[in-house]
Amino acid sequence: MLLPHTFHPSIVRANDIRGIVGDTLHELDAYIIGRSLATMISRNGGKMIAVGRDGRDESRTLMEAVCEGIADSGITAVQIGLGPTPMLYFAVQHFGVDGGIQITGSHNPAGYNGFKMLIGPHTMHGEVLQELVRIAESGDFAAGNAPQEYRSISDDYVEALLSRVGDCGALRCAWDLGNGAVGVVLSRVVERLDGQHVVINDVIDGAFPAHHPDPTEEKNLDDLRALVKTDRCDIGFAFDGDGDRLGIVDRFGRIVWPDQYLALLARSVLKKLPGAKIIADVKASDALFESIAKAGGQPVMWKTGHSLIKRKMQEIGAPLAGEMSGHVFFADRWFGFDDALYAALRVLEVLEEEGITMDAFFDRLPKKANTPEIRLLCDDNIKFSIVSAIHSEINGAGAKMIDIDGMRVKSGNGWWLLRASNTQPALIVRCEANDAESLFRVKSELASVLKRIGVNHAPLL
């Protein structure tokens, strides 16, 4: 009989389970996760769970442990092998199985790994994820001896990607795969596109020798920016470790942040679906929400987190959503999940459709003075309590704020944001104003708040 199991307190997060392999995350955790998810699905009458993995060094071993746990709970584990997380999401719907697990450390550094899980097509988070934890802690597992099987999905996934976009034009494109799992399918996609395509860092390597696998950090786009300018490309795309975050640069190497290129995508969707609701997270610029409204849509601000965004899309029937972290979700012609490669293809489609270049679009964007998303290191054990304490202080002072996720506080003709990261031991901050002078005042206000409670505010200034 398997004993009850307790996970390290730091690894169960809002949207997934993730930790440092050999320190906070172990092979036994993977086995228990397989047992626990399979128990939940078995008790709902389910029979099969799809399992995929990214290219990290430990992902194969963790996948094998997960599949063993699934089988020992009487559910068939359908292995789809190495690939990006969106391919696992696609497999769950394509095969019609009852759930899924992707073994991935996502955008975290080498050494991290974890599990993104689904019941049916819905990503687990919040209370549903806590139910999995309770099953593990109780040791109340379903038991059985189900088979394991392997099914290939990558060809079907590639066909789905290409069949659900229109003409992507004939641009010269740069692609930085960041040694991540999107490398399983990227070459097969671009060889069927018109134009010219230059690909770098395409060897899948869990050590990520080229750079950290997170395209939302400016320094991680240096390779792509240099390639675009050296090879005179029209546009450049970058991906995170598991292919669900997208970074973009224009032909001058300027970063087009997610809340900027989301405005381009929203404009296109709204031409076909006027009045539709478009979701962006609390970190997004006012300029995005204004552009959605100007294009005839209904802007909706929502919580950060891929599971939370997907659930909100389903709730309100939104065809498009996006986050500053580079997650882009299409329910228009796609399946409602975040997929960086599909989003890149839709960007190319829109540029061709409108007859513009990304740099021309960038030059027409409303001018706001803002910071990028800034991560301030903060222990997982205290980050939420810090945000709560500041919220109480600010709220008591009568500040105008939006507090659906942390706090977005109005300051002069701008705003500042403070929230706890769902995926890292960090506080997330961002500031925006109408001009540089006002931005300095907004940043100074936030820095003063952080200083009073002993949080390092130097990266902000």
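The values are calculated or read from the model by the stated rules, or taken from the named source; none is laboratory data. Just so you know, these numbers come straight off a predicted model, no measurement behind them. Positions of Cβ are backbone-derived with ideal geometry, glycine not excepted, and every protein chain shown enters the neighbour counts. Heads up: the accessible areas ignore ligands, DNA and RNA and are worked out on the full protein's heavy atoms, side chains in. Shrake-Rupley method; radii C 1.70, N 1.55, O 1.52, S 1.80 Å.
Listed by chain and number, the lysines placed with their C-alpha closer than 29 angstrom to that of Lys410 are Lys277, Lys283, Lys294, Lys303, Lys310, Lys312, Lys367, Lys368, Lys383, Lys400, Lys443, Lys451; residues fewer than eight positions away on the same chain are left out.
The accessible area of Asp167, taken with all protein chains in place and a 1.4 Å probe, comes to roughly 90 Å². If the segment from Asp155 to Glu354 were pulled out straight at 0.36 nm per residue, it would be longer than the present Cα-Cα gap by 68.6 nm. The residue list Val429, Ile248, Gly99 was ranked by how far each Cα lies along the charge dipole of the chain toward its positive end, using unit charges on Cβ atoms, and Val429 comes out on top. Over the chain, DSSP H runs of length four or greater, each weighted -39,500 (n - 2.57), average out per residue to a 222 nm ellipticity of -11000 deg cm²/dmol. Divide the volume of the convex hull around the Cα atoms of region 305-377 by the residue count and you get 136 Å³ per residue.
As an exercise, use a Förster radius of 22 Å and the Cβ-Cβ distance of Phe95 and Arg188 to find the FRET efficiency, rounded to the nearest 0.05. Here the calculated transfer efficiency is 0.65.
Simple rule: put +1 on each Lys or Arg Cβ and -1 on each Asp or Glu Cβ in the chain, find the dipole, and look at Leu273, Ala340, Gly183; the Cα lying farthest toward the positive end is Leu273.
Sparsely packed loop sites in region 163-253 (the chymotrypsin sites (Phe, Trp or Tyr not before Pro) outside DSSP H, G, I, E and B with at most 14 other Cβ atoms within 10 Å) comprise Phe252. Electrostatic tally near Asp98: other residues with Cβ closer than 13 Å to its Cβ, Lys and Arg +1, Asp and Glu -1, net +2. In the context of the full set of protein chains, residues of region 64-152 present 32 Å² of accessible surface per residue (probe radius 1.4 Å, heavy atoms only). Taking the charge dipole of region 367-450 about its Cα centre, with +1 at Lys and Arg Cβ atoms and -1 at Asp and Glu Cβ atoms, the residue from Ile404, His391, Leu376 reaching farthest to the positive side is Ile404. Rolling a 1.4 Å probe over the protein heavy atoms gives region 355-461 an accessible area of 47 Å² per residue. At 1.567 mPa s and 4 °C, plugging the Kirkwood radius over alpha-carbon pairs of the chain into Stokes-Einstein gives what diffusion coefficient in µm²/s? For these conditions, the coefficient is 57 µm²/s. Each Lys and Arg Cβ is given +1 and each Asp and Glu Cβ -1; about its Cα centre, region 2-110 then shows a dipole of about 300 debye. The apolar share of the surface of the chain, taken as the fraction of accessible area on carbon and sulfur atoms (1.4 Å probe, ligands and nucleic acids excluded), comes to 50 percent.
Taking Cα centre as origin and charging only the Cβ of basic (Lys, Arg, +1) and acidic (Asp, Glu, -1) residues, the dipole magnitude of the chain rounds to 1300 debye. Which FRET efficiency, nearest 0.05, do Phe440 and Glu131 yield, Cβ-Cβ r, R0 56 Å? Once rounded, the FRET efficiency stands at 0.75.
Working from label points 7 Å from Cα in the Cα-to-Cβ sense, the Lys229 to Asn395 distance is 4.7 nm.
Per residue, the convex hull spanned by the alpha carbons of region 367-412 comes to 101 Å³.
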